[in-house]
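The values are calculated or read from the model by the stated rules, or taken from the named source; none is laboratory data. The structure presented is a predicted model; accordingly, all values stated were derived computationally and were not measured. Backbone-built Cβ (ideal geometry, glycine too); neighbour counts: all protein chains shown. All accessible areas refer to the heavy atoms of the entire protein, side chains included, with ligands and DNA or RNA removed. Shrake-Rupley method; radii C 1.70, N 1.55, O 1.52, S 1.80 Å.
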Amino acid sequence: MEVRTISRGHVAELLEILRAIGPHGHREWPIDDEASLLATLDSPRLDPDLGRWSISYENGSPVGYSLVEPELNIGRILVGLAAVAGRDDVLGSLLLDGVARAKELSDRDQFEIHVAVRDIESEAIVDALEVAEFGVVRTVLKMRVDVSDVELPEPVASCELIIRDADMSDAAEVAVVTELHNACFDGSWGFSPNTVEEISDRTAADKDRNGFAPIVVLENALSGELSGYNWITLSDGDGRVEMVGVHPSMRGKRLGWTIFNAGVERLIAHGATELVLDVDSENPPARRIYESAGYRTYSEVRYFGLDVGVD
């Protein structure tokens, strides 16, 4: 068995692994075609050409992967790993590879490594993490509802508020959305502030893949300021609410419902048959909104953490 760091030239092998593994970790990887996966990887955090991925080979065949996703501005590096069915024996080596590459990436003497494990995955990955002295630090809930069962309350009526698609091809708009995005989640567990480039790259990929604007915003018609946003994507009928945010200065006015509704209505209009999202288990206000709309938990993702010192 050999573990090798790969480049974009090996994306076909990576796609083969992701298809064989199926749902795992915290992400929903696009596995319909190579172009969709490449679009997702067009980010400094995921780019194979920046040494983010390794593949485990057995007799020349790919059987697993490890991913290092740096969030250095919050002192964290996410390590992803998984193996095809029947090859749990490679998980320990993949974890060692991920930890070693994380240490090389870190710019701090002390940082955290987090590994996300979905409840449908083999317990072998949990065993490998526990042997390496990782412990559970957070749980994220995966929720869904059929569009026929979704219950949306009436939005807050206001002649001052405009709901519109953000123009993410406009550099000034991207900068404003990025600022809003970071303000909405400042201080939230696991949130790493995004750069304008990161938001631009990801939303451009989302638009190419989904065929519609991925960001719906709530704008004050008088001042032109943005009060909230809903980031939405669509894949195989699954309409995903990626993130919903209301500016801290505008909270407590039920604007979360207004912008949440707007994104959901757009997803349904574009053919979504099921609505899905992720929410921090320790975020009761957000959970109440989603549960009131009919969402129910169908899976849990545990984040295992380890404090690491760089030698």
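Do you know which residues across the stretch 94-137 are closer than 17 Å to Tyr303 by Cα and of a type in the set (D, E, K, R)?
Hits for the stretch 94-137 are Glu112, Arg118, Asp119, Glu121, Glu123, Asp127, Glu130, Glu133.
How many residues, within the stretch 54-103, are open to solvent by 10 Å² or more (accessible area, probe 1.4 Å), of a type in the set (Val, Ile, Thr) and closer than 20 Å to Val137 by Cβ?
2
Answer yes if at least one residue in the stretch 78-89 is over 13 Å from Ile17 (Cα atoms), in contact with a His (Cβ under 9 Å, 6 or more places away or on another chain) and either free of Cβ contacts under 8 Å to residues at least 12 places away in the same chain or of a type in the set (A, V, I, L, M) (or both), and no otherwise.
Checked the stretch 78-89: at least one residue is over 13 Å from Ile17 (Cα atoms), in contact with a His (Cβ under 9 Å, 6 or more places away or on another chain) and either free of Cβ contacts under 8 Å to residues at least 12 places away in the same chain or of a type in the set (A, V, I, L, M) (or both).
Results for (1) in contact with a strand residue (DSSP E or B) (Cβ under 6 Å, 6 or more places away or on another chain); (2) farther than 21 Å from Val84 by Cα, shown as yes or no for each residue.
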{"site": "Thr5", "(1), (2)": "yes, no"}
{"site": "Leu15", "(1), (2)": "no, no"}
{"site": "Arg19", "(1), (2)": "no, no"}
{"site": "Glu28", "(1), (2)": "no, no"}
{"site": "Leu37", "(1), (2)": "no, no"}
{"site": "Arg45", "(1), (2)": "yes, yes"}
{"site": "Leu50", "(1), (2)": "no, yes"}
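Considering each residue of the stretch 271-311, count those that are in contact with an Asp or Glu (Cβ under 6 Å, 6 or more places away or on another chain), assigned to a loop (DSSP other than H, G, I, E, B) and open to solvent by 70 Å² or more (accessible area, probe 1.4 Å), and give that number.
0
The rows are residues; the columns are (1) assigned to a strand (DSSP E or B); (2) in contact (Cβ under 8 Å) with a residue 24 or more places away in the chain; (3) at positive phi; (4) under 14 Å from the mean Cα position of the chain (by Cα).
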| position | (1), (2), (3), (4) |
| --- | --- |
| Thr203 | no, yes, no, yes |
| Asp208 | no, yes, no, no |
| Ala213 | no, yes, no, no |
| Leu218 | yes, yes, no, no |
| Ser227 | yes, yes, no, no |
| Trp231 | yes, yes, no, yes |
| Leu234 | yes, yes, no, yes |
| Val241 | yes, yes, no, yes |
| Gly252 | no, no, yes, no |
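Determine whether the stretch 40-52 contains at least one residue that is of a type outside the set (Lys, Arg), without any contact (Cβ under 8 Å) to a residue 24 or more places away in the chain and open to solvent by 60 Å² or more (accessible area, probe 1.4 Å).
So far as the stretch 40-52 goes, yes, one or more of its residues are of a type outside the set (Lys, Arg), without any contact (Cβ under 8 Å) to a residue 24 or more places away in the chain and open to solvent by 60 Å² or more (accessible area, probe 1.4 Å).
Here are some residues: Glu121, Glu151, Glu160, Glu130. Which one is more than 15 Å from Ser54 (Cβ to Cβ) and within 22 Å of the chain's Cα centre (by Cα)?
When all the criteria are applied, what remains is Glu121.
Could you list, in sequence order, the residues of the stretch 243-262 that are surrounded by fewer than 16 Cβ atoms within 10 Å (Cβ to Cβ) and either charged (D, E, K, R) or at pLDDT below 90 (or both)?
Passing the criteria: Arg251, Gly252, Lys253, Arg254.
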